[in-house]
């Protein structure tokens, strides 16, 4: 099992080979997920539970706030299973959770849930209504004070409908990227998504500044993590953004803020890691999205797939369903720089499914 | 390989997944072990050497104070082999030894042996003759000042005839638990043990306080560790008690002291971990013993066994011989939360035996 370099050199990951990572899961709800058919990342009508269930499963291998693990309507299990499998084979040194607007707190003890007094954001169709400056500043402050025993941290996300808000964010900030975005559907629900995006972007007025734009169409995950990335620059800590187009939107937001505010970023401490499925996705283009940035970024994808699995639902990942989330891509890259075998991961995930 | 939750939730161990543990081995001799047939944990006539040999083997993979490793009369090797195997596959961050009454100091350099000026205790049949208050206070002080780089510590024991003194301790403290105790024999040597217990408990007078009772029938491991558990409460450090019924006796002692002295314990920082063999032992009941406590305790057992081993002596573990000691259960649980495979442990142990 290996990784592929999308942008930059492989040296960033090679340097981290064998080192244990901390893992942060940014958990958020946007009520955009309530729009029928907008997302597959959860149970229709209960999308708000997905971050809670992902957090519970990742931490304890149990879902406690529902009877069963979250699957798509086609029965594809959450990528949290992949991240959990890696954690069992080569544990992260620390698992922590960022409460960027849970509707229901995950039910577990001991694990740290960082609380920022941030609530779920509203449907971007009518306006997300986020105090973007405040959320951003909370991210900056968290980054500035971030301490962990490991040399680097994997920052992942779970937010249903997050690809829609990510796309709205990038478009509202003026990037020419309409065709570059992904969704957890194989065939992105373009008519529904397009309508939501059209409505959302109608709320953007030309004289709005960055934060006003983000307030309308973005989500807490993107805004907070843009701040976190800039805040953590004050330290020597290395950060892996675990995700595909949503983490690209975080970087585009960072890019816009730097351009407006005139700051600089040492992006050599930063990388993005995603899955093979997202990298090969025909309806999005992660490389092109990252090339919109004014700074250089290391980006990688895992070469893991379920080609040798006997599970039919897992093989749907290889057909482009689900693709990414809960840090699956970065977890797989982490596995690959820690000598974990593909078959051991597949066996674990199959075991979770009772297959 | 996985662990099973006996009491509490799995969250305590899940939180520690991937974190490196310090390992403390409490080493003690009670001359109760000189009673013929009372214990299998060593060589008849040389039981006093077992803690020394266990310490040497755990630290160096060599026995230096004797020609060969300690086995039972049936040839079953000490569980120190299991703990050592885990240490080779996923090392503890630190191995330290508590001298709670060695007869012979282990022969090694560099490893820290904490000295408390505690000597081996006497045969409980005629009275252990321990200054229980002093040993307890030494434990408290050691706990209060305990510092280590890791987030948690595994506290294990090696003391032949320790299940006898553990049972005497619990009975002398008034717990109704005669049927709940274990021994390193498959068929607990009840007639010998019963006679020792009867004699030992005859020395307990109704007006004796806790420490007077402990002075008569307990051992240094139990008394010191009861103090250590209470002393370490002053810190945030998490502690895993590695053992079965003997560590349960430590907790029962803590419980009695708290009841008498009116203190409280935050037992969320505490857990007990043992082997599958001890958990499934028909002649003891670890769960029932722990349910005698007035505070809640997390308790787990490893699911490891030697079912796939080709070694006949190792398979005797699966038949209920030996069962636990030298932190074998907690070491196996530690392996399971660090992604170590059962087969790798079995291979190591077989290698130690030259099989």
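Within the bounds of segment B:197-213, is there any residue that is closer than 30 Å to residue B:333 by Cβ and surrounded by 18 or more Cβ atoms within 10 Å (Cβ to Cβ)?
no
Tell me, which helices (runs of 4 or more DSSP H) lie completely within segment B:245-326 with 3 or more residues that are at pLDDT 95 or above, out of contact with any strand residue (DSSP E or B) (no Cβ under 7 Å at 6 or more places or on another chain) and crowded, with 24+ Cβ neighbours inside 10 Å?
Ranges flagged: B:245-261.
Can you tell which of A:61, A:46 is free of Cβ contacts under 8 Å to residues at least 40 places away in the same chain and more than 22 Å from residue A:146 (Cα to Cα)?
Of A:61, A:46, the one residue that is free of Cβ contacts under 8 Å to residues at least 40 places away in the same chain and more than 22 Å from residue A:146 (Cα to Cα) is A:46.
Out of B:169, B:165, B:148, B:153, report the one residue that is in a helix (DSSP H, G or I) and touching a strand residue (DSSP E or B) at 6+ places or on another chain (Cβ under 6 Å).
B:165
Looking at segment A:120-129, can you tell me whether even one residue there is over 17 Å from residue A:212 (Cβ atoms) and over 21 Å from the mean Cα position of the chain (by Cα)?
yes
I'd like the full set of residues that are surrounded by fewer than 16 Cβ atoms within 10 Å (Cβ to Cβ) and part of a helix (DSSP H, G or I), limited to segment B:118-133.
Matches in segment B:118-133: none.
Name the one entry in A:225, A:207 that is part of a loop (DSSP other than H, G, I, E, B) and at pLDDT 95 or above.
A:207
Within segment A:327-355, track down each residue that is buried (at least 19 other Cβ atoms within 10 Å of the Cβ) and part of a loop (DSSP other than H, G, I, E, B).
Residues satisfying the conditions are A:327, A:337, A:340.
The values are calculated or read from the model by the stated rules, or taken from the named source; none is laboratory data. As the structure is a prediction and not an experimental result, all values here were calculated from the model. For neighbour counting, all protein chains shown are included, and Cβ atoms are generated from backbone atoms with ideal geometry for every residue, glycine included.
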